[in-house]
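Below you'll find the structure, written out as structure tokens, and then a few comments.
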Amino acid sequence: MTDKRSSLARILVVEDCPEQRDLLAGGLAAEGFGVDTAGCGESAGRLLANGRYDCVLLDFNLESREEGRRILKTIKDDPDSRRTPVIMMSGHAASYRALAACLDLGAADCLNKPVPIELLSTKIRRVVDEGRAAAARERGAFAIYRVLAVEDDDEVQELYKAFFQLHRSEFSGVVVATGDEALRVLREVSEPVAAVLLDWRLERGSLDGLDVLRELRRLPCGADVLAFLVTSIDDERGIRRAFEAGADDYLVKPFGQIELAARLRGRLRRQESVGNASPPVRRGDLEFDPVTGRAALAGAAVELYPTERELLRVFLAHPDRPLSRDFLWESVRGCQVRASGKALTVQLSNLRRKLGAWGKRIETWRGAGYLFNTRFPPL
């Protein structure tokens with residue numbers, strides 16, 4: 001099943017190697033994108049002047065590095081095209097300085113070729129979703145995300161406050177020091193929380209981070225809140241406990257504002273936009289509605305947390321095809337930050353358990369990733 005949003009996205013591929021250009025165009029068209037191609041800066045300029053694109057794939061070394069950067073700068077300097085996401089591609093490992101220069105000019109991402117079409121499609125969908133969400137937010141179509149930070153360290157509290165002030169156009173932040181305060185905020189029906197940043201080792205009050213997480217998941221709104229566990233130790237055993245308790249993701253201190261913004265933005269925008277044009281899916285007695293995130297088995301509701309919903313959505317969108325771990329995390333997270341080696345394993349274990357017999361159809365393919373088997377035995 002092809003993501004229906006893809007069929008609405010127009011992509012311009014700017015690549016001077018005919019074989020690479022045809023390979024990219026054919027693969028993206030098969031994924032449901034509308035694709036135009038250009039082999040040089042001049043033809044790319046004509047296409048950009050005559051039409052609007054949802055994303056541009058631009059060869060880093062087009063004719064010369066300066067030409068690739070010139071086209072990127074032209075796109076970003078033009079008021080009509082400056083919001084168009086541009087993904088830079090290089091056939092050789094580019095220097096960090098060169099990549100940083102492209103990012104400074106406004107590139108959405110930089111990739112080294114060859115890129116598997118499935119992974120490239122996921123990246124395109126992510127930047128297209130983010131671009132559309134940003135445009136809608138400017139029009140007032142999307143509400144600002146309310147994010148709760150639970151942290152008892154005074155210095156980290158100040159960092160959170162500075163972060164929310166800097167990103168006030170995207171996030172409305174609430175900072176509290178204890179688990180009891182956090183649960184009070186989470187119970188406020190009139191102002192629902194979209195995500196919570198939850199310090200694991202809370203020393204003030206009677207509740208630690210895992211206690212708050214478990215209580216959150218019992219609330220009527222609890223299954224819909226994106227939960228990040230924040231820890232100072234990258235301990236796989238502890239991270240496994242966090243995911244088993246219902247965490248969607250985790251952050252290891254110290255982390256920078258860029259990483260925090262990317263993690264929140266990627267997950268929340270992905271969660272907000274992914275189901276907008278996607279119809280309900282039914283496979284045998286398994287039903288899933290991407291818009292509401294609700295799943296059912298034989299008519300009985302199955303409670304899934306946000307990450308579990310995203311994993312199920314990805315498997316249903318790509319049945320009977322091996323999906324790599326990187327592809328799954330890129331699809332779920334909406335950004336390229338890697339998870340702990342155990343993180344995906346635990347999330348999949350939780351999903352398999354909740355799906356019962358259907359969970360057994362999520363098969364591990366050693367060396368390839370995972371496959372959602374809908375064929376054998378027949379439904």
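Here, each number is a calculation from the coordinates, and none is a lab measurement. From a predicted model like this one, the values you see are computed outputs, not experimental measurements. Cβ atoms come from the backbone with ideal geometry, glycine included; neighbour counts cover every protein chain shown.
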Task: Degrees separating the helix 257-273 axis from the principal Cα axis of the chain, which is the longest one - done: 90
Task: Principal axes of the chain: Cα extent on each, largest first, Å - done: 65, 56, 37
- [ ] Extending each Cα 7 Å along its Cβ direction at residue 190 and residue 101, get the distance between those two points in nm, one decimal.
- [x] 5.5
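Explain nothing, just the number: relative contact order of the chain, from Cα pairs under 8 Å at least 6 residues apart, as a whole percent. Mind showing how you got there, number by number?
On the way: 608 pairs, mean separation 42.8, N = 379.
After rounding, I find 11 percent.
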TODO: In a Gaussian network model over the chain where Cα atoms closer than 10 Å are linked, find which of 100, 177, 223 has the largest mean-square fluctuation.
DONE: 100
- [ ] May I ask what percent, to the nearest 5, of DSSP beta bridges between residues of the chain are antiparallel?
- [x] 30
Open item on the list: Taking the 0 to 90 degree range and rounding to the nearest ten, how far is the long axis of helix 117-138 tilted relative to the main principal axis of the chain, both from C-alpha atoms?
Closed with: 80
TODO: Determine ³J(HN,Hα), in whole Hz, for all residues of segment 356-362 in sequence, where each value follows from phi through the Karplus function 6.51 cos²θ - 1.76 cosθ + 1.60 and θ = phi - 60°; x replaces Gly and Pro.
DONE: x, 4, 5, x, 5, 7, 7
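Within segment 147-188, list the trypsin sites (Lys or Arg not before Pro) lying in a DSSP loop whose Cβ has at most 16 other Cβ atoms in a 10 Å radius. Numbers along the way, then the final one.
Numbers: sites: 161, 168, 184, 187; in loops: 168, 187.
Filter output for segment 147-188: 168, 187.
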Open item on the list: Give me the percent relative contact order of segment 276-372, please, defined on Cα pairs under 8 angstrom at least 6 residues apart.
Closed with: 24
TODO: Only helical DSSP H runs with n ≥ 4 go in: add -39500 (n - 2.57) per run for the chain, normalise by residue count and round the 222 nm mean residue ellipticity to 500 deg cm²/dmol.
DONE: -13000 deg cm²/dmol
Task: Residue exposure sequence - 219, 213, 72 - by fewest surrounding Cβ within 10 Å - done: 219, 72, 213
- [ ] Can you tell me the relative contact order of segment 10-139? Whole percent, Cα pairs under 8 Å, sequence separation 6 or more.
- [x] 22
Task: Cα-based reach from residue 354 at 26 Å (exclusive), listing lysines while leaving out same-chain residues under 8 positions away - done: 342
TODO: Quick one: angle between helix 343-355 and the longest Cα principal axis of the chain, in degrees between 0 and 90, rounded to 10, please.
DONE: 70
Task: Spin-label pair residue 30/residue 224, simplified geometry with 7 Å Cα→Cβ offset, distance in nm - done: 3.9
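Would you work out if segment 145-272 is rounded, prolate or oblate? Take a ≥ b ≥ c from the square roots of the eigenvalues of the alpha-carbon gyration tensor; rounded if a/c is under 1.5, else prolate when a/b is larger than b/c, oblate otherwise. If you can, show how the numbers build up before the last one.
Working: a/c = 1.21, a/b = 1.08, b/c = 1.13.
Rounded, since a/c falls under 1.5.
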